[in-house]
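The values are calculated or read from the model by the stated rules, or taken from the named source; none is laboratory data. Small disclaimer: the values here were computed from a predicted structure and weren't measured. Reconstructed Cβ throughout: ideal geometry from the backbone, glycine too, with neighbour counts over all protein chains shown.
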Amino acid sequence: MLNNKLGMFIHWGIYSLLEKHEQTLMWDEVPHAEYEALMHKFNPKKYSPKKWVRLAKEAGMKYICFTTKHHDGFCMWDTKQSDYNVMNTPYGKDVLKELAEECEKQGMLLSLYYSNPDWHHEFGYNPKSSHQEAAKNQDKEPNNEAYREYIKEQIKELCTNYGKIYTWFWDIPPKVEDRSINELIRELQPGIFINDRGYDEGDFSTPERQSHYEQARFDKMTEACDSVGNQAWGYRKDEDYHTIRYLTQTIDRVMAMGGSYLLNVGPMPTGEIPAKAVDRIKKVGDWYNRMEGCLENHEEEPHKFGITDISDVVINKKDGKTYMHFFHGLTSSSIQIYNWPANPERIRLMNSGKDLPFKFELLERNYPADNEKGKDRLYIHVQEIPADEYVSEPIVIEITWED
Ligand code: GLC
């Protein structure tokens, strides 16, 4: 099951040398020859997949999704299908291979991102889709079939030479159906999960940079993604970094609803992850680790609780315990819970790991016994929640029930 994992998304390519955006080639109309010459400058001497994987691991992340080929068409692995690849840079080594080996060593799952738009390949142009540069070869008709053959050959390399692949992240729906493509991936990587931006409906959906979700629990496998900053996915020098509050709240919400979450960083041309991005990951990780895995592999809470005061709560269940995720924080130091399934044995604030005092109380306002409201006067009063100490993160409460 794909559900409920936190992962690190990594957007890295020769665009990092422009220090702006992974799509600068198109947005700034950089002449192709000038852009493609960037490969001759790509020499990430400080690339340490060991450090990348360790950073992800320490933050509680379980997988890394790496951009093998972004819209610019540059291939970050040793592909035999094109010379436009990392082996022909001054660095001259297969960065994906190095990452895959390190993931294997540190027990990190590896996922691959692959862009359908391709601004380099002769037939990468697809008039049906978005994020398209003018056709590379203006003299010839777009030939999506020939391009799909190229993709298949690359899939064979990516799904054979880099060990087990956890998920496949297609980007930009091609609006062309070809079921044989995902079939090929599944044949080479049994058990893989494929997203819904490819040549058929795939296995899971991919809400992107979204912070509002309507439903209480996803009914389809979902992997949301966002970046540590709100401007670009690739390295950007003057990136506007997200607040820890925003990041932890959205991660909490998505994962409490049963989804997975990919948090992106864009490494610099040196191979290092920018210090501010590292700082975001560490701070998110500090919060995430205090959640003790309660965001992973949980189930829907069938019981309908009544909780006063606050509405932004997602409730789920794991190992018989109930978890209440107040992803926008609390309005006071208490919550009142009506209509509970058994008596609580222990109530704990996950943020601090400490027990919270609670007692059973009767609503002070007295209703006549025959009044509807009078029937439901008993509540669990959870008090002394130090919510002000955790304003930068969601408040998560764990309830252990008596047998
Ligand atoms: C969008 C962007 C692309 C990025 C992707 C990540 O599709 O256009 O640059 O790689 O989001 O999901």
## Note on the structure
In the stretch 278-307, anything surrounded by fewer than 16 Cβ atoms within 10 Å (Cβ to Cβ) and under 18 Å from GLY329 (Cβ atoms) is listed as ASP286
## Note on the structure
Scanning the stretch 152-210 residue by residue, the ones that are among the basic types (Lys, Arg), within 16 Å of the ligand (Cβ to nearest atom) and surrounded by fewer than 16 Cβ atoms within 10 Å (Cβ to Cβ) total 2
### Summary
Taking first residues from the stretch 321-339 that are within 15 Å of VAL254 (Cα to Cα) and second residues anywhere that are among the polar types (S, T, N, Q), the pairs with Cβ under 6 Å that are 6 or more apart or on different chains are TYR323/ASN316; PHE327/GLN249
## Note on the structure
Of ARG209, ARG148, ARG197, the only residue that is in the same structural domain as GLU101 (by TED's automatic domain parsing), more than 27 Å from ASP252 (Cβ to Cβ) and not acidic (Asp, Glu) is ARG148
### Any pair with Cβ under 6 angstrom, 6 or more apart, that starts in the stretch 6-23 at a residue that is farther than 17 Å from ASP171 by Cα and assigned by TED's automatic domain parsing to the domain that holds LYS46 and ends at one that is among the basic types (Lys, Arg) and outside any helix (DSSP H, G or I)
GLU19/LYS237; LYS20/ARG236
### Message
Against the condition of a type outside the set (Ser, Thr, Tyr), in a helix (DSSP H, G or I) and closer than 20 Å to LYS57 by Cβ, how does GLY285 come out, does it pass?
### Response
yes
### Message
Show the residue pairs meeting these rules: Cβ distance below 6 Å; 6+ apart or different chains; first residue within the stretch 255-277 and at positive phi; second residue assigned to a loop (DSSP other than H, G, I, E, B) and at pLDDT 95 or above.
### Response
GLY271/PRO44; GLY271/LYS46; GLY271/TYR47
### Query
If we scan the stretch 277-297, do we find a residue that is within 30 Å of PRO44 (Cβ to Cβ) and within 16 Å of the ligand (Cβ to nearest atom)?
yes
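Checking the conditions here, which among PHE327, PHE305 is touching a helix residue (DSSP H, G or I) at 6+ places or on another chain (Cβ under 6 Å), assigned by TED's automatic domain parsing to the domain that holds ILE385 and within 26 Å of PRO386 (Cα to Cα)?
PHE327
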### Summary
When THR79 is run through (1) more than 24 Å from the chain's Cα centre (by Cα); (2) in a loop (DSSP other than H, G, I, E, B); (3) within 16 Å of the ligand (Cβ to nearest atom), the failure sits at (3)
### Query
(1) touching a Gly at 6+ places or on another chain (Cβ under 9 Å); (2) touching a residue at least 24 places away in the same chain (Cβ under 8 Å); (3) in a loop (DSSP other than H, G, I, E, B): which one isn't true of SER111, the others all being true?
(3)
### Task
Write out, first by first residue and then by second, each pair whose Cβ atoms fall under 9 Å of each other, whose residues are 6+ apart or on separate chains, and whose first residue, in the stretch 173-198, is under 22 Å from ASN126 (Cα atoms) while the second is among the β-branched types (Val, Ile, Thr) and in a helix (DSSP H, G or I).
ILE181/ILE151; ILE181/ILE155; LEU184/ILE155; ILE185/ILE155; ILE194/ILE185; GLY198/ILE181; GLY198/ILE185
#### Entry: Wholly enclosed strands (runs of 3 or more DSSP E) of the stretch 295-350 bearing at least 3 residues more than 29 Å from the chain's Cα centre (by Cα)
335-338, 344-349
### Query
Yes or no: VAL95 in the same structural domain as LYS283 (by TED's automatic domain parsing), over 19 Å from the mean Cα position of the chain (by Cα) and either hydrophobic (A, V, I, L, M, F, W, C) or within 30 Å of GLY259 (Cα to Cα) (or both)?
yes
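Can you find, within the stretch 229-256, the residue that is surrounded by the fewest Cβ atoms within 10 Å (Cβ to Cβ) among those that are among the basic types (Lys, Arg) and away from the ligand (no atom under 16 Å from the Cβ)? Don't jump to the end; show me each part of the working.
Step one: list which residues in the stretch 229-256 are among the basic types (Lys, Arg), which gives 236-237, 245, 253.
Adding the requirement that they be away from the ligand (no atom under 16 Å from the Cβ) leaves 237, 245, 253.
Details: LYS237: 10, ARG245: 16, ARG253: 22.
My answer is LYS237.
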## Note on the structure
So, first residue modelled with pLDDT under 95 in the stretch 144-159, second residue aliphatic (A, V, I, L, M), Cβ within less than 7 Å, six or more apart or across chains; the pairs are ASN144/VAL176
### Task
Kindly indicate which of ASP118, ASP219 is of a type in the set (Asp, Glu) and modelled with pLDDT under 95.
ASP219
